[in-house]
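Presented below is the structure to which this report refers.
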There are 2 protein chains.
Amino acid sequence: MEKISVFAPASVANVCAGYDVLGFSFAAVGDHMHFEKTPEKGVRISEITGAELPLTLEDNVAGVAVKALYNRFETQIDFGIDIRIEKKIKPGSGIGSSAASAAGAIFGADALLNSQLPSTELISLAMKGEAVASGCEHADNVAPSLLGGFSLISSYHPLTVSSIYCDLDLHAVVLHPKIEVKTKEARAVLPSKIPLTLATEQWGHLAGLILGLTRSDAELISRHLTDLVIEPHRKNLIPKFEQYKSAALDEKALGFGISGSGPSVFALCEGSQSAEQIKANMMQIASAQDYDFSLYSGEIDNKGTHEIR
Amino acid sequence: MEKISVFAPASVANVCAGYDVLGFSFAAVGDHMHFEKTPEKGVRISEITGAELPLTLEDNVAGVAVKALYNRFETQIDFGIDIRIEKKIKPGSGIGSSAASAAGAIFGADALLNSQLPSTELISLAMKGEAVASGCEHADNVAPSLLGGFSLISSYHPLTVSSIYCDLDLHAVVLHPKIEVKTKEARAVLPSKIPLTLATEQWGHLAGLILGLTRSDAELISRHLTDLVIEPHRKNLIPKFEQYKSAALDEKALGFGISGSGPSVFALCEGSQSAEQIKANMMQIASAQDYDFSLYSGEIDNKGTHEIR
């Protein structure tokens with residue numbers, strides 16, 4: 001393969017009780033990335049459109065990820081890789097913008113290098129890329145962006161990632177209010193310790209959610225799409241959070257929560273009709289605010305990052 | 001139906017990362033209970049063998065459970081219920097002795113009353129019985145004792161119980177060291193607050209364990225049969241805990257942990273041969289101690305409480 005173009009979807013991490021461990025792929029928006037072999041060796045980013053991001057390899061999420069994979073095979077190959085990025089996911093939106101770049105980068109480079117590495121290894125390399133933007137290595141955006149569906153990161157040492165593909169017609173509505181919520185601030189509002197009783201309630205909910213997803217049981221999913229630990233602290237950083245939540249739940253959303261560390265929020269529901277109605281309700285609230293916003297809806301597909309023509 | 005005899009199995013609660021929410025049925029030992037319709041109305045316990053337990057209805061786990069169910073139908077029926085209990089599970093052993101009595105009681109009374117209640121309702125009534133002995137209503141022994149396999153109590157409000165029947169040939173080895181660990185003491189050693197980072201690690205493990213069980217994935221189960229939160233505090237109440245654990249893991253146990261709040265401990269493994277070897281290893285350690293003990297092994301069956309002839 002001489003060249004490949006890929007689509008890398010957005011993703012929602014910290015899914016309710018699955019703080020730090022559960023994310024899902026959201027293909028309603030995603031980056032387009034183009035990879036091509038070059039006669040001269042090495043990796044280079046020749047173009048980025050859609051966002052002001054550094055072309056310098058070591059400062060760029062995609063650059064670091066591709067380089068990490070490329071370095072493993074450098075002695076065995078006689079070509080380089082050129083990367084062009086059409087950035088469609090707004091950096092800082094809380095829907096895995098840098099993770100999509102990292103996932104797309106690894107997918108593209110893997111295709112050209114034919115690395116045959118297991119997916120956990122690829123995720124691990126993509127995490128190194130994403131860390132350039134987020135400051136720490138985490139996998140709950142990178143994994144669903146790469147693999148599609150839901151990804152459970154059940155452990156980091158050793159990295160253990162499981163894909164969960166739910167058979168329900170799950171849709172998500174994602175609102176990105178264009179306000180700045182600094183990751184640092186979102187972290188600072190969290191308590192360092194939580195009551196054991198609250199922790200056990202939360203892990204009960206996560207376990208129920210995982211079971212609901214694997215059994216495609218909408219009732220069980222809905223009962224457990226809740227977050228007793230993080231949301232009470234972070235929702236105050238997102239204006240009108242409770243109104244958006246009520247608007248979504250009034251239209252029979254299965255659940256509602258903060259995407260990543262915000263400011264984006266998401267609703268999960270069954271069927272496109274329900275998604276459109278939730279979207280309309282949230283649009284009404286957002287339109288009355290003094291900030292810009294983006295609003296997306298789409299199904300939770302299982303494709304993850306994939307080749308496009 | 002005029003009378004019925006039932007077997008109510010022991011159970012292991014607080015399964016590693018599933019503290020408070022996950023239990024499994026352990027049919028290697030269990031109570032035998034006999035229920036018979038009487039012409040005079042009301043509930044009575046006519047005999048208990050194997051343990052010194054009160055015959056007074058309101059002081060007895062089985063009595064309270066049966067009475068709770070009986071009261072619902074009292075106006076519609078013209079018979080009473082007589083209960084005889086052959087207690088085989090040692091009270092205070094930490095393998096759900098009172099839960100078995102409560103589960104057996106509800107199963108037997110339900111059969112005579114033909115109540116047609118959903119299982120969640122029956123579990124809820126059994127919990128009232130068990131509370132007589134434990135002081136609080138919990139379901140992670142009662143549910144697996146009644147339903148067999150693994151039970152996830154993903155929420156208490158509303159009570160949400162899911163059975164997980166794993167396709168692996170899972171066996172458990174349970175050691176009951178005959179020392180007293182007071183529930184009060186076992187509770188007192190637990191911290192009221194835990195670090196958020198530790199909580200997220202723990203709920204990742206629980207989520208992975210649930211996924212492993214539903215997928216019958218021994219590798220995933222084994223990786224996540226761990227408890228970072230409770231075990232470090234409670235293991236000190238159980239002499240030689242670490243030696244038992246090593247002995248089990250050396251023989252390829254999938255995992256090892258404290259049963260309930262102790263003093264019993266359990267190993268989970270695949271296949272009866274592995275179970276026998278683990279049992280032999282643990283026997284060797286226990287025999288060198290200055291306390292009596294019981295040691296059981298058996299498969300995790302999916303029958304739960306059932307009729308016997």
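Key figures for this structure:
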item	result
Cross-chain or 6+ apart pairs with Cβ under 6 Å, the stretch A:31-51 first and under 24 Å from A:VAL142 (Cβ atoms) and assigned by TED's automatic domain parsing to the domain that holds A:PHE73, then in a strand (DSSP E or B) and among the acidic types (Asp, Glu)	A:HIS32/A:GLU86; A:GLU36/A:ASP82; A:ARG44/A:ASP82; A:SER46/A:ASP82; A:THR49/A:GLU86; A:GLY50/A:GLU86
Any hit, the stretch A:198-213, residues being of a type outside the set (S, T, N, Q), surrounded by 23 or more Cβ atoms within 10 Å (Cβ to Cβ), under 23 Å from B:ASP20 (Cα atoms) and outside the structural domain of A:SER294 (by TED's automatic domain parsing)	no
Whichever residue in the stretch B:237-273 is over 22 Å from the mean Cα position of the chain (by Cα) and part of a helix (DSSP H, G or I) and, among such residues, is nearest to B:LEU206 (Cα to Cα)	B:LEU249
Which listed residue is assigned to a helix (DSSP H, G or I), polar (S, T, N, Q), away from every other protein chain (no Cβ under 14 Å) and under 30 Å from A:ALA286 (Cβ atoms), from A:SER145, A:SER124	A:SER145
Residue among A:SER101, A:SER93, A:SER115 that is hydroxyl-bearing (Ser, Thr, Tyr), closer than 30 Å to A:VAL265 by Cα and part of a loop (DSSP other than H, G, I, E, B)	A:SER93
Count of residues meeting criterion [more than 8 Å from chain A (Cβ to nearest Cβ) and either of a type in the set (A, V, I, L, M, F, W, C) or more than 16 Å from B:ALA13 (Cα to Cα) (or both)] in the stretch B:210-230	11
Which numbered condition A:ASP227 fails, given (1) part of a helix (DSSP H, G or I); (2) within 20 Å of the chain's Cα centre (by Cα); (3) not hydroxyl-bearing (Ser, Thr, Tyr)	(1)
Condition met for B:ASP78 (farther than 30 Å from B:LEU209 by Cα, part of a loop (DSSP other than H, G, I, E, B) and out of contact with any strand residue (DSSP E or B) (no Cβ under 9 Å at 6 or more places or on another chain))	yes
Residue pairs meeting the criteria (Cβ under 9 Å; at least 6 apart or on separate chains; first in the same structural domain as B:ARG44 (by TED's automatic domain parsing), in the stretch B:54-70; second assigned to a helix (DSSP H, G or I) and exposed (fewer than 14 other Cβ atoms within 10 Å of the Cβ))	B:VAL64/B:GLU58; B:LYS67/B:GLU58
Evaluation of B:ILE81 against (1) of a type in the set (A, V, I, L, M, F, W, C); (2) surrounded by 17 or more Cβ atoms within 10 Å (Cβ to Cβ); (3) within 24 Å of B:VAL161 (Cα to Cα) (one fails), failing number	(3)
Selection count, the stretch A:1-36, where residues are β-branched (Val, Ile, Thr) and outside any strand (DSSP E or B)	1
Qualifying residue in the stretch B:154-164 (condition: more than 7 Å from chain A (Cβ to nearest Cβ), more than 18 Å from the chain's Cα centre (by Cα) and either without any contact (Cβ under 8 Å) to a residue 24 or more places away in the chain or not in a helix (DSSP H, G or I) (or both))	yes
Scope the stretch A:181-207; condition within 22 Å of the chain's Cα centre (by Cα), facing chain B (nearest Cβ under 8 Å) and assigned to a helix (DSSP H, G or I); matching residues	A:GLN202, A:TRP203, A:HIS205, A:LEU206, A:ALA207
Identity of the residue in the stretch B:244-289, free of Cβ contacts under 8 Å to residues at least 24 places away in the same chain and surrounded by 16 or more Cβ atoms within 10 Å (Cβ to Cβ), that ends up nearest to B:ILE95 (Cα to Cα)	B:LYS245
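Yes/no matrix, rows are residues, columns are (1) of a type in the set (Asp, Glu); (2) in contact with a strand residue (DSSP E or B) (Cβ under 8 Å, 6 or more places away or on another chain); (3) at the interface with another protein chain (Cβ under 10 Å from one of its Cβ atoms):
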position: A:ASN141; (1), (2), (3): no, yes, no
position: A:LEU152; (1), (2), (3): no, yes, yes
position: A:ASP167; (1), (2), (3): yes, no, no
position: A:VAL173; (1), (2), (3): no, yes, no
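Yes/no per residue for (1) touching an Asp or Glu at 6+ places or on another chain (Cβ under 7 Å); (2) buried (at least 16 other Cβ atoms within 10 Å of the Cβ); (3) charged (D, E, K, R):
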residue: B:VAL29; (1), (2), (3): no, yes, no
residue: B:GLU36; (1), (2), (3): yes, yes, yes
residue: B:PRO39; (1), (2), (3): no, no, no
residue: B:GLY42; (1), (2), (3): no, no, no
residue: B:GLY50; (1), (2), (3): yes, no, no
residue: B:THR56; (1), (2), (3): no, no, no
residue: B:ASN60; (1), (2), (3): no, yes, no
residue: B:GLY108; (1), (2), (3): no, yes, no
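The values are calculated or read from the model by the stated rules, or taken from the named source; none is laboratory data. Because the structure is a prediction, the values reported are computed rather than measured. Counting neighbours? That spans all protein chains shown, and the Cβs are built from the backbone with ideal geometry, glycine included.
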